[in-house]
Amino acid sequence: MDYLLYDPRTRSVWVPAGNTGSVDVVDTATRRVTRIDGFPTRENERNGAKRVVGPSAAALGDAVVYVGNRGDSSVCAVADATLTKGVCAALDAAPDGIAYVAATKEVWVTTPRDQSIRVLDAATLVQKARLAFDGAPEGFAVDATRNRFYTNLEDKDVTLAIDLGSHQIVATWQPACGEGGPHGLRVDEPAGLVFVACGAKVEALDVAHGGAITGAVDTGAGVDDFDFDLASHTLYIGAARAASLTVASVDAKGALAKLAVVPTAEGARNGVVDAEGRVYLSHAKSSELLVVSPTARPTARTGS
C-alpha cells in the first residue's frame, strides 16, 4: 500500500491494495469495506527481491477517483459514488503519484523511473504532454491560487514549482533533506506554504520568499507521505521506522509545533485524516489499515 485517499464527498478511505489486484474502499462511518477487483498485477524484481505490484495510488477528481496501477502502468477512473470502473489508459512507464488539476481538467502523474511527469486529459486519460526532468519526481501538490504544480526531485534534494499552463519550472528550492531526499508534499494555498517530508522531519517552505524554510518538526525516521488539514492547520505525519504518528500545528508565519506523538506500529505510514480527525495509516506488513484517533485533533473539519 502506498498513496491512500480520503474522499470527503463519500466519507470513505480508498486503499490501493497492490498485490491483491484490487482497491478497497472503507466507509469511515460503518468500517464496511467494499472491494473493487480486476486491476492487473505483475511480479517485479528490485534489489534482488521479488514482489507483486498492482494498484498503488488514488487521487480525487470530479466525481471520480483516479487509480494508478504499477501492475500494467495504467491509470483508471472509478466513479466514487457507484465504485464502477470507467476509462483506463496505459502509460509507457509505471505511475507513482497522481493529482487532479481542476483548473485545466487534467491528471498529472509522476513517473520517476523515467524521470518524467505525464499530463493526461481528465475525461479521456489520453496523454497530452510528457515533462522530462534531470531527476526522479517524488511527491505532488497542486496550487490553484498560483497556477502551480509542486514536486520534488528525490535524488537531487530539490523541490520544484511548475507552471500548470506552460509546464515550465518557475522555481527551484532547496529543502536540504540530505541523502534520502524529499518525499511527500502538501500545500497551504492561502498561507503560501509548501510542506515537504524529509526522512525524519517535515519542513514548511515559503513560496513567496524563495522557498525559505519557515519551520520544521522532527517526526522520527521513515516518513514518506503525510496529510494536512487546512481547516485546523494541522499536519498528520506517520513515521514507519519510528512507529509513531506526529501531529503538528502550523501558525500564520509557517512555524511548526508538535502537538502530540502517538505510538503506531513499525511500517505504518502515509496516513490520511478523515472528517472526524481519525488518521488511517497503511500497514502493509500486516495487510491492514491502522486507525488512530489522536487526542490533539481539530474540533471541526470542512467537507471539501
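Note on P(r) over Cα pairs in 20 Å bins from 0, in percent: of the candidates (1) 26, 37, 31, 7, 0; (2) 30, 47, 20, 3, 0; (3) 36, 62, 2, the value calculated from this structure sits at (3). Each part reduced to its alpha carbon centroid, region 246-280 and region 54-114 end up 26 Å apart.
Compute the semi-axes of the equivalent ellipsoid of region 133-172, taking the square root of 5 times each eigenvalue of the Cα gyration tensor, and list them largest first in whole Å.
17, 10, 7
With pairing defined as another cysteine C-beta under 4.7 Å, none of the cysteines of the chain fails it. Multiplying the residue separation of SER287 and ALA260 by 0.36 nm and subtracting their alpha-carbon distance yields 7.1 nm. Given R0 = 45 Å, the distance between the Cβ atoms of ALA102 and GLU45 translates into a calculated FRET efficiency of 0.70. Dipole of the chain computed with +1 at Lys/Arg Cβ and -1 at Asp/Glu Cβ about the Cα centre; of ASN47, ILE117, ALA77, farthest Cα towards the positive end is ALA77.
Maximal additional length on extending the ALA176-LYS156 stretch stands at 6.2 nm, based on 0.36 nm per residue less the C-alpha distance. Placing R0 at 30 angstrom, the Cβ-Cβ distance between ALA252 and ALA144 gives a FRET efficiency of 0.90 after rounding to 0.05.
For region 1-132, a Kirkwood radius taken over Cα pairs fed into Stokes-Einstein (10 °C, viscosity 1.306 mPa s) yields D = 108 µm²/s.
Report the FRET efficiency, 1/(1 + (r/R0)^6), for ASP121 and ASP163, where r is their Cβ-Cβ distance and R0 is 22 Å, rounded to 0.05. Working shown, then result.
Details: r = 18 Å, r/R0 = 0.84.
Plugging the Cβ-Cβ distance into 1/(1 + (r/R0)^6) gives 0.75.
Full extension of the chain between LYS128 and THR10 gives 39.5 nm of extra length, using 0.36 nm per residue less the Cα-Cα distance. A quarter of the convex hull surface defined by the alpha-carbon atoms of region 151-304 gives 9.2 nm² as the mean projection.
Of the trypsin sites (Lys or Arg not before Pro) found in region 22-87, those that fall in a DSSP loop while having at most 11 other beta-carbon atoms within 10 Å are ARG31, ARG32.
No value in this document is a laboratory result; all are computed from the given coordinates. These figures come from a predicted structure and were not determined experimentally. Positions of Cβ are generated from backbone atoms using ideal geometry, with glycine treated the same way; all protein chains shown enter the neighbour counts.
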